[in-house]
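Structure first, then comments.
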Amino acid sequence: MTSAATEHTSLLAPLENRTFRSIFLASQLSSLGWLMQTVALSWLMATVSTSDVMVALVQASSTLPAFFLAVFVGAIADNYSRRMVMIVGRSLMMAAAAMLTILMAFGITDPWLILAFSFLDGCGIALSDPAWRVSLGDILERRHLPAAVTLLNVGFNTVRSVGPIAAFGPLVTFALTTLGFIAPLTVLWRNKWKVQTSSLPREALMTAIYDGLRFTAISSEIKSTIVRGTLFGFAATSTLALLPLLARDVVKGGPIGYGIMMGGFGAGALLAGLMNPKLRRLLTQEWLVVFACIACAICEISLALTSSLVVATICLALGGAGWVTAWSGLGVNVQLASPRWIGGRTISIYSAFTYGGIAAGSWFWGIIVQNYSLPLALGWSGVATIVVAALGLKLPISNRSESELEPSGGFSAPAVALDLKPRSGPILVTTEYAIPDENVDRFLEIMQKRRYAQSRVGARQWMLARDVQEPSRWLETFRTPTWTDYHRLHHRLTQADKELDHQVFDLSSCPPRTSILVERTTAGKSSPPVPYVSQK
């Protein structure tokens with residue numbers, strides 16, 4: 001697969017897949033309802049509360065659940081039916097909309113209740129969004145992933161163009177939102193797609209979470225994306241979090257003016273999405289993120305200087321274009337840096353930090369407005385967004401065209417002399433090498449790559465030691481928690497990982513000797529462990 005095949009895919013190419021098309025269109029309907037609900041909630045809070053912080057917290061309350069729950073949700077998405085996780089998440093969002101409709105019907109507009117149901121809505125998003133995004137790799141060919149991720153971001157932000165619908169009032173908006181979830185739930189229930197399954201038992205939840213955190217910590221690509229995404233969310237969220245205050249206090253356009261400005265933001269997102277394939281051909285992913293940050297910064301600083309509805313709407317179109325371009329680029333990078341077996345966890349960890357950044361930014365900029373002024377908050381958020389762009393000098397976003405991390409398969413379990421159960425363990429694996437002095441430098445170079453490869457797929461406490469009495473003798477050791485985890489590690493190795501075996505074996509003056517042992521305590525009457533030894 002060439003870079004061109006991945007980078008030049010048309011934005012609409014993923015829609016040729018019937019399953020993706022059905023779920024995407026249905027998700028657009030639910031996104032429309034959710035955004036209408038968010039607009040209505042933000043404006044409702046601006047009218048029933050005199051606290052600027054409470055207005056900003058509407059945005060924070062809908063994103064905080066993703067920060068607290070995403071790691072658990074990612075482990076669930078990788079071990080259970082992603083389709084069912086999406087159904088549960090959408091059902092929670094529908095329940096939140098239904099309860100808000102009932103509250104409005106009875107005239108109950110308590111600010112804390114508004115935040116509570118906004119939080120419940122966020123819980124539904126935290127469940128469904130990572131499962132939906134990682135399902136893209138199950139439904140589509142990998143070369144279509146950049147276009148699909150961009151399409152999702154474009155679609156989600158374009159529906160902001162219908163923000164003026166929320167001007168019909170909270171009761172109508174919440175009722176329409178509740179009804180709008182019926183179609184997505186029906187589509188998810190009726191559509192099934194093939195998911196690659198493993199013959200191994202399902203991972204324990206805490207083990208799955210640990211593996212996800214470790215993989216993320218090891219991957220420099222994902223770490224850079226998380227840091228940039230978190231800081232971008234913190235800095236740039238001021239546009240959306242403070243927009244109700246801008247509409248109420250500066251532009252004085254009322255709910256109609258607020259909806260028009262949201263429409264400008266969505267229009268900019270749509271235009272950027274249509275241009276994204278061409279931009280990806282002309283610019284690297286890093287430069288796309290840099291220009292996206294600069295566009296958002298210009299929007300924020302301009303909003304701090306204007307009181308015109310027309311000017312503000314034009315500025316928001318530029319901000320919407322930068323917003324969708326930045327999130328599309330960051331999301332694509334995480335997708336392509338994650339193999340399928342752990343995609344739900346890496347995407348959810350990325351979502352946790354970025355949503356956490358958005359929630360923290362919403363609260364922080366609200367505090368600045370309450371204690372100082374709205375223009376000051378918008379101006380400084382623009383400066384902060386420029387700083388995020390400059391971070392590319394230290395934490396650049398890669399320009400990967402495809403993932404090279406997919407398992408190669410073909411692992412045959414070794415015969416053992418003990419009656420090992422799936423949960424037997426811990427398992428200690430040792431490999432002895434005989435490395436001549438002239439090959440030591442090359443050996444250490446390969447073993448550094450081998451340590452990364454094995455740790456990434458589940459090896460714990462990996463260590464390389466040299467015999468002080470026989471310097472040519474080297475010993476590689478690592479552990480796995482159980483016998484099943486040992487099998488799982490080998491199922492996850494890529495072809496490139498296995499090629500490292502051949503490279504290091506070629507440097508050894510005699511065939512390496514691998515031993516597999518199960519650890520035992522000294523208590524009880526159990527016989528000492530008998531190692532399985534294989535000659536390689």
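The values are calculated or read from the model by the stated rules, or taken from the named source; none is laboratory data. Given the structure is predicted, the values throughout are model-derived calculations rather than measurements. Here Cβ is always computed from backbone atoms with ideal geometry, including for glycine, and neighbour counts include all displayed protein chains. The area values use the complete protein model at the heavy-atom level, side chains included, leaving out ligands, DNA and RNA. Shrake-Rupley method; radii C 1.70, N 1.55, O 1.52, S 1.80 Å.
Looking at segment 229-326, which trypsin sites (Lys or Arg not before Pro) are in a loop (DSSP not H, G, I, E or B) and have at most 12 other Cβ atoms within 10 Å? Passing both the DSSP loop test and the Cβ count: Lys252. Measuring nothing but how far apart in sequence close Cα pairs (under 8 Å, 6+ apart) lie, relative to its length, the chain scores a relative contact order of 19 percent. Sites listed here are chymotrypsin sites (Phe, Trp or Tyr not before Pro) in segment 172-276 whose DSSP assignment is loop and whose Cβ has at most 15 other Cβ atoms within 10 Å: Trp193.
Shown here for segment 92-129: chymotrypsin sites (Phe, Trp or Tyr not before Pro) in loop regions (DSSP other than H, G, I, E, B) with at most 14 other Cβ atoms within 10 Å, namely Phe106.
Lys-Lys pairs in the chain that are eight or more residues apart or on separate chains and whose Cα atoms lie under 24 Å of each other come to 7. Here's the picture: charge each Lys and Arg Cβ at +1 and each Asp and Glu Cβ at -1 in segment 207-259, and of Phe234, Gly254, Ala208 the one pushed furthest to the positive end of that dipole is Gly254. For the chain, the solvent-accessible area with a 1.4 angstrom probe is 42 square angstrom per residue.
Think of the chain as having a plus end and a minus end, set by charges on the Cβ of Lys, Arg, Asp and Glu; of Ser49, Ser91, His502, Ser91 sits farthest toward the positive end of this dipole. Round to the nearest 10 and give me the degree value, 0 to 90, for the angle of helix 483-492's Cα axis relative to the longest principal axis of the chain. So the helix axis and the longest Cα principal axis differ by about 70 degrees.
For segment 1-122, the equivalent ellipsoid derived from the alpha-carbon gyration tensor has semi-axes of 33, 17, 16 Å in decreasing order. Distance between the pseudo-spin-label points of Leu25 and Ala434 (7 Å out from Cα toward the beta carbon): 6.8 nm.
Using the Karplus relation 6.51 cos²θ - 1.76 cosθ + 1.60 with θ = phi - 60°, the per-residue 3J(HN,Hα) values for segment 251-263 come to 6, 6, x, x, x, 5, x, 4, x, 5, 5, 5, x Hz, with x marking Gly and Pro.
Stretching the chain fully between Val88 and Leu393 yields a gain of 105.7 nm (0.36 nm per residue, less the alpha carbon separation). Here the chain is assigned +1 on the Cβ of each Lys and Arg and -1 on the Cβ of each Asp and Glu. Its dipole about the Cα centre then comes out at about 880 debye. At an R0 of 35 angstrom, the distance between the Cβ atoms of Leu279 and Ile367 translates into a FRET efficiency of 0.45.
Dipole of segment 170-323, Cα-centred, from +1 at each Lys and Arg C-beta and -1 at each Asp and Glu C-beta, to the nearest 20 debye?
460 debye
Dipole magnitude for segment 207-287: about 180 debye, using +1 per Lys or Arg Cβ and -1 per Asp or Glu Cβ, origin at the Cα centre.
Working from Cα pairs under 8 Å separated by at least six residues, relative contact order for segment 186-311 is 24 percent. Here the extension length gained between Glu141 and Met206 equals 20.3 nm, from 0.36 nm per residue of separation less the Cα-Cα distance.
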